[in-house]
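Worksheet: one structure, shown below.
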Amino acid sequence: MKAMILAAGYGKRLRPLTEKTPKPMLPVAGKPLLQHHIERLAAMGVSELVINTSWLAEKIEDYFGDGSDYAVNITWSRESEPLETGGGISKALPVLGEQPFLLINGDIWTDFPLLSAANYQLSSDQMAWLLLVENPDHNPKGDFGLLHDRVSYQPQVKFTFSGISLIRPQLIQQGKSVGAQKCFPLRDVLRPAIEAQQVVGDIYRGQWCDVGTVDRYKNLNELLDGH
């Protein structure tokens, strides 16, 4: 199985921290946030990684190189301008192959056991599996509900998308054929699949943090330093 880590964003809400340091390179518990993801994937035997970059791309690519120091093989997918989540995946499709791949937002922190996501077997009628978490303060209304394990917009009780998913490449390919634009969010291609009941999900209630603002970044480091 291959994994893709999304690491191309500007990190505007983390300024001034991200003016000279790309968001995935911000240190968390003593090492770059992106390194935690790479090491965890390597430890569970997922060694073929695709990582997209854009803002300060060379700083990320120079640090990790081809991934051999971390027992992985990294293919870099560089974007001249960030293409958002869906556009970034779409650009990387030629190197992701035809099989479902693990997708991880590079700006999250979690103790979720990634191996359980990698081991999930999508059935023939399932285009994606999403990991949902309890709603944080910055997203109190949540994103999706679950109805008989299927991700749905219908339930009143909603959860937040964690940024961890298992994706069939066909999901992105179908989305590309619908819209010609290169830059689009993942949610745009998820919506028709969710409405067609082709997306399943699970809820995780352990540690999870979207490292999206200076305050959340500081809180995360304080939490981990306290352990």
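Read-outs: derived from the displayed coordinates by stated rules, not from any lab. Note that the structure is a prediction, hence the values are computed from the model and not measured. As a convention, Cβ positions derive from the backbone with ideal geometry for all residues, glycine included, and neighbour counts pool all protein chains shown.
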### Query
Where does region 8-102 land on Rg(C-alpha)/(2.2 N^0.38 Å)?
1.07
### Query
What GluC sites (Glu not before Pro) does region 1-58 have in DSSP loop regions with at most 15 other beta carbons within 10 Å?
19
### Summary
extent check for region 55-130: Cα max minus min per principal axis, descending, whole Å, gives 39, 26, 22
### Diffusion coefficient, µm² s⁻¹, Stokes-Einstein with Kirkwood Rh over alpha-carbon pairs of the chain at 10 °C and 1.306 mPa s
89
### Query
When the helices in the chain are scored as -39500 (n - 2.57) per DSSP H run of 4 or longer and the sum is shared across all residues, what 222 nm value do you end up with, to the nearest 500 deg cm²/dmol?
-9000 deg cm²/dmol
### Query
If you place +1 on the Cβ of every Lys and Arg and -1 on the Cβ of every Asp and Glu, how big does the dipole about the Cα centre of the chain come out, in debye to the nearest 20?
440
### Message
If you restrict to DSSP beta bridges whose two residues both lie in region 2-225, what percentage is antiparallel, to the nearest 5?
### Response
50
### Task
Could you list the trypsin sites (Lys or Arg not before Pro) in region 188-227 that lie in coil according to DSSP, counting only those with at most 12 other Cβ atoms within 10 Å of their Cβ?
205
### Query
More than 15 Å apart: what percent of Cα pairs in region 22-71 qualify?
43
### Summary
Length-normalised contact order of the chain, Cα under 8 Å, at least 6 apart, in percent, tallies to 24
### Task
Report, ordered by chain and residue number, the aspartates and glutamates lying within cross-link reach of residue 218, taken as a straight Cα distance under 14 Å and ignoring same-chain residues fewer than 8 apart.
107, 210
### Summary
Rg (one decimal) and Dmax (whole number) from the Cα set of region 132-227, in Å, equal 15.6, 48
### Task
Measure up 12/141; 31/91; 31/141; 23/141; 31/59 against 21 Å on the Cα-Cα distance and list the ones that go over.
12/141; 31/91; 31/141; 23/141
### Task
Only loop residues by DSSP count here, and only those with at most 16 other Cβ atoms within 10 Å; note down the chymotrypsin sites (Phe, Trp or Tyr not before Pro) in region 129-227 that meet that.
153
### Query
Assuming R0 = 25 Å, what is the FRET efficiency of residue 42 and residue 78, from their Cβ-Cβ distance, to the nearest 0.05?
0.70
